[in-house]
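Accompanying notes for the structure given below.
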Amino acid sequence: MSIWVFLKLIGSLALLMYGMKAMSESIQKMAGPQLRHVIGAMTTNRFTGMLTGMFVTATVQSSTATTLMTVSFVNTGLLTLMQAISVIMGAHIGTTVTAWIMSLGFSVNITSFVYPAFFLGIILIYMKKRRIIGDFLFGAAFLFLGLSTLKETGFTLVGDPETNAAINAFFQHFNEPTFWNKFFFLLMGTILTLCVQSSAAIMAITMMLCSTGVLHIDQGIMLVLGENIGTTITANIAAAKANVQARRAAFAHFTINLIGVTWALIVLKPFINMVCQFVGFNPEMSASAPGFAIKASVVLATFHTAFNITNTLLQIGFVQYMERFVCWVIQPKKADEEEDVRLHFITAGIMKTPELSVLEARKEIRLFAQRIQKMFNMVRELVEENDNDKFTKLLSRIEKYESISDNMEIEIAKYLNNVSDAHLSVETKAQIRAMLREISEIESIGDACYNIARTLNRRIKGKEDFTTDQYERIHQMMSLTNDALTQMNVMLSNRREALDVNKAFNIEDEINNYRNQLKSQNINDVNEHKYTYAIGTMYMDIIGECEKLGDYVVNVVEARMGVKQREGN
């Protein structure tokens, strides 16, 4: 095999993989929010969940995208793990559409349609309103050009006597229908899928090998089964750094296909015969026979579809037991709170498209805001703490949270900046700008909490305490501030259309009015010698930080709701 043929082979695979990626991303951009709503709304039971997974995957041409959306919904409580498993089962059926697209590329000469698609695509790309459709056409054109080139390269390889003899000599070692020979091709399909990180690419190679007669159809089917396992291992590797629910969903993905491959191996021969009979393909026919190449690719696509549909139907009734099993296998780590405080949604780097990445960033910001409210509640506990040891430990926790807050802001901002480098819709760009403002304000809330804690630490070291009235007023102010934080989390956790921004504004007005009242009262109390000027200064520092914190909360809400900043903030 010449170096030119080899480069042509890997180049055609690169075209195919890029085409699939571009198609999937463009479809997700066109229908991203709608697909997310579909997944959230149409999973009332295991069967609707299965149909939802099937529909979404067939639409976006990516079972990985469907799985990752599903996992993110599990993490945020929008879906239960049981519902997620049923969606993943449906995704296994939906992904079979990809195999039929591959089969079409091997069955029909579509080269004549590729170049007009390129021409139309470039015109649409330069039309801002039609850019996404242009991206889709470019992806489809690259996909079919890659398939066509791959097919031609395969026949070129077979046509070369020296190369053909070497390939046949290699595969003849595994012609005997023994268990170990079958296991070899199963393992090969798994490893190749892991290496290439694309089951579609390995499916295309399998079809090429079977269509040219290099690989027997039985061996090709074993490769297909291996691809089904390989693609789930990829998901498990990607979810390794994610939280426990993500790992459980990924492991369920692996377990479902492992069980499927197991039963398929038991009934493999009659299953293959049934598929071949349905297609009208004789496994023993010569590769030079008319229609061999077309039927070989159709057999692989048919087997892939039949396997996934049968596997899903067999296991859909046992979803609850699958859930118990993965929960038993993957137990949450018994880490303390500080060790577990990390990015849950975006550190794994598993999102493949900008639109879905924005969704994950939104989930991370929600978690960020919830952690900041936990930090504020620690500060409220610190106000009451008089035991020096306990005070020091709690202050240390608050300091850790402040450091974590700084790191989270930086990491989320980096992630959003990376996402913004991609081609995005105007709406998505606006969302990213709003989210960058949100994380900056949330981090400022963390700074305000830390400043209050430092002031309380100064009060402890000064050996002077607040009066009962001061404590009461501090608690009242902190209660209002906590109400503001709660409202902020409500705003971040729900759809904008269902929210009322005036609730947050009203709480902020209460905080401002109470701060002004306490400011005047403090001057009077100091003049009346109810407490010293020093303790009054620390007292007003705490009140002032709470008021600032309320301003930051309003800024977050304004960014979330897309409203202009109010005067005085």
Apportionment of accessible area to carbon and sulfur, region 429-569, percent (1.4 Å):
45
Scalar couplings 3J(HN,Hα) for region 514-526 by Karplus 6.51 cos²θ - 1.76 cosθ + 1.60 (θ = phi - 60°), nearest whole Hz, x for Gly and Pro, are 5, 4, 4, 5, 5, 4, 5, 4, 4, 4, 5, 5, 5
Among 129/363; 390/530; 269/295; 29/374, the pairs whose Cα-Cα distance exceeds 24 Å are 129/363; 390/530; 29/374
Quick one: order 539, 115 from most to least accessible surface, probe 1.4 Å.
115, 539
With +1 at each Lys and Arg Cβ and -1 at each Asp and Glu Cβ, the charge dipole magnitude of region 448-569 around its Cα centre, to the nearest 20 debye, comes out at 400
May I ask for the net charge around residue 85, where only other residues with Cβ less than 15 Å from the Cβ of residue 85 are counted and Lys, Arg are +1 while Asp, Glu are -1?
+3
Using only the heavy atoms of the protein chains and a 1.4 Å probe, how would 552, 18, 533, 401 rank by accessible area, largest first?
533, 18, 552, 401
Given the protein chains as shown and a 1.4 Å probe, how many square angstrom of residue 378 are accessible, to the nearest 10?
10
Give the residue list of trypsin sites (Lys or Arg not before Pro) in region 434-467 that are DSSP loop and have at most 12 other beta-carbon atoms within 10 angstrom.
463
Using a 10 Å cut-off on Cβ atoms, rank the peptides 216-223, 413-420 from the highest mean neighbour count down.
216-223, 413-420
Ranked from the most accessible area to the least, with a 1.4 Å probe and all protein chains present, what is the order of 537, 428?
537, 428
Would you mind putting 391-397, 135-141 in packing order, based on average other-beta-carbon counts within 10 Å, highest first?
135-141, 391-397
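The values are calculated or read from the model by the stated rules, or taken from the named source; none is laboratory data. Treat the numbers as computed from the prediction; the structure is a model and nothing was measured. For neighbour counting, all protein chains shown are included, and Cβ atoms are generated from backbone atoms with ideal geometry for every residue, glycine included. Quick note on the areas: whole protein, heavy atoms, side chains included, nothing else; ligands and nucleic acids left out. Shrake-Rupley method; radii C 1.70, N 1.55, O 1.52, S 1.80 Å.
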